[in-house]
Amino acid sequence: MERRLPSLNALRAFEAAGRHGRMTLAADELNVTHSAVSRQIQHLQQVLGVPLFEGPKNRLRLTEAGSTLLAGLVGAFDQIDASVRLVADTEDGSLDVSCPGTFTMRWLIPRLYRFQAEYPRIDVRLTASTKPVDFSRDGFDVAIRVGGAPWPAGGEAIPLFPEQTGPVLAPSLADGAASRLDGLPQLHTKTRIRAWEDWLARSGHPIEAATRVDYEHFYFMLEAARVGLGICVAPWPYVVDDIRSGRLIAPFGFLESGHEYVALRRSRRNRKSTLFCEWLRSEAESFMKFDPAVPSSCR
C-alpha cells in the first residue's frame, strides 16, 4: 500500500514541540530556529486540516488531534532511532555485554574505566549470565564465557586467557604455611560444585577438611574466604586483586583447569563490538603477565 505521509521535517518538528511542550526547546533539539519549527507545524496543520495546538503562544497545549498524533509519532521515532542504531557502524551508542556475575565484579568492572575513558561515547551495558549464548535469540553484542569448544553458532570466539584455579584463604588462617591447611573448613559453591574435586585430582595435594560449607553464590564464598571462614578453590581472575593486596594467599599457586575465558562476538561485526573485543584482548595480555602459577606466599 502506498504511504501518503506529510513532510518528515514537519512531523519531526511537531513531535519535538509536543514532547517538550515548548517550540523553543524543540528548536534547540533540532538545531533550527523557533520560526522554522512554527512554520513546519503550521504546514502540518494545513495538510491535516486540523489544529494540533491551541491556547496562547506562551502557553500552547495539544488539541485532542495533537495528542493522538503525538502518541503515535513518539513511538514511531523511537523505533526508527532504535533500528538505525542497530545497523549503524559508529563509535557511539549502547553495547550489550553478557558475562558471569562474579567475573564482572572481580575482573571486568575494575578495568572497565580504561575502556570508557578511551571511548566515552560507547555505553557498555552489562548483564550477568552464565547461560549458553544463542545469538539468534539473545540481544547481546558480546558475551564472555568460560568453558571449551565447540562455542555457539553465529558467533566468533576470541580467546582471552586459560582458566587457572587454586585454593585461597585469609593469611590469618595459616600464616602462609601450606602444612597448616588440613583441618580447615572447605568452602564450596553450588555454581562450581566440582571445583575442589577437579583441583585435587589435578594437583595431587591432599587436603583434609574439617567441615564442608556450601554457599549459594560464588561471590558469597569468596567473601567468606576473605574474612577467614575457611579455604576455597577459586579462579585466578576472581582473586588476583585480593592476592596482590594481601587479603588472600594461594599457598599452592594456580593450575590450569582445562577451560578458557573467551569473548564471543556476533558474526556480523560492528565497530563498537570490535573495539571492545580488541580492548578485552589487550587487557587479557596484560593480565597474564602476572604469573599465577607462583604460590602467593613465595612472592
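Its residue count N fixes a reference of 2.2 N^0.38 Å for the chain, and the Cα radius of gyration divided by that reference is 1.47.
Net charge of the neighbourhood of PRO152, taken over other residues with C-beta under 12 Å away and scored Lys/Arg +1, Asp/Glu -1, is +2. Other residues lying with their Cβ under 14 Å from the Cβ of LEU229 contribute a combined charge of +1, Lys and Arg counting +1, Asp and Glu -1.
Cut-off under 23 Å on the C-alpha distance; same-chain residues fewer than 8 positions from LYS190 excluded. Which lysines are left, in chain and number order? Qualifying lysines at Cα under 23 Å: LYS131. Taking label points 7 Å from Cα along the Cα-to-Cβ direction, ASP92 and GLN46 give a separation of 3.4 nm. Potential lengthening of the chain between THR63 and ASN9 amounts to 17.4 nm, from the contour at 0.36 nm per residue minus the alpha-carbon distance. Considering every alpha-carbon pair of segment 8-87, the percent of pairs per 5 Å bin, from zero through the bin containing the longest distance, is 3, 16, 27, 27, 17, 7, 3, 1, 0.
Label-to-label distance, GLU118 versus ARG194, with points set 7 angstrom from Cα along the beta-carbon direction: 3.6 nm. Antiparallel beta bridges, as assigned by DSSP with both residues in segment 1-127, represent about 25 percent of the total such bridges.
Counting only DSSP beta bridges with both residues in the chain, the antiparallel share comes to about 60 percent. Listed by Cβ neighbour count within 10 Å, with the fewest neighbours leading, MET23, MET288, MET221 appear as MET288, MET23, MET221. What is the sum of charges, Lys and Arg at +1 and Asp and Glu at -1, for the other residues whose Cβ falls under 13 Å from the Cβ of PRO132? Its environment carries a net charge of +1.
Every number in this text was worked out from the coordinates using simple rules, so none of it is lab data. This one's a predicted model, so the numbers in the text were calculated from it and none came from an experiment. All Cβ positions, glycine included, derive from the backbone under ideal geometry; neighbour counts span all protein chains shown.
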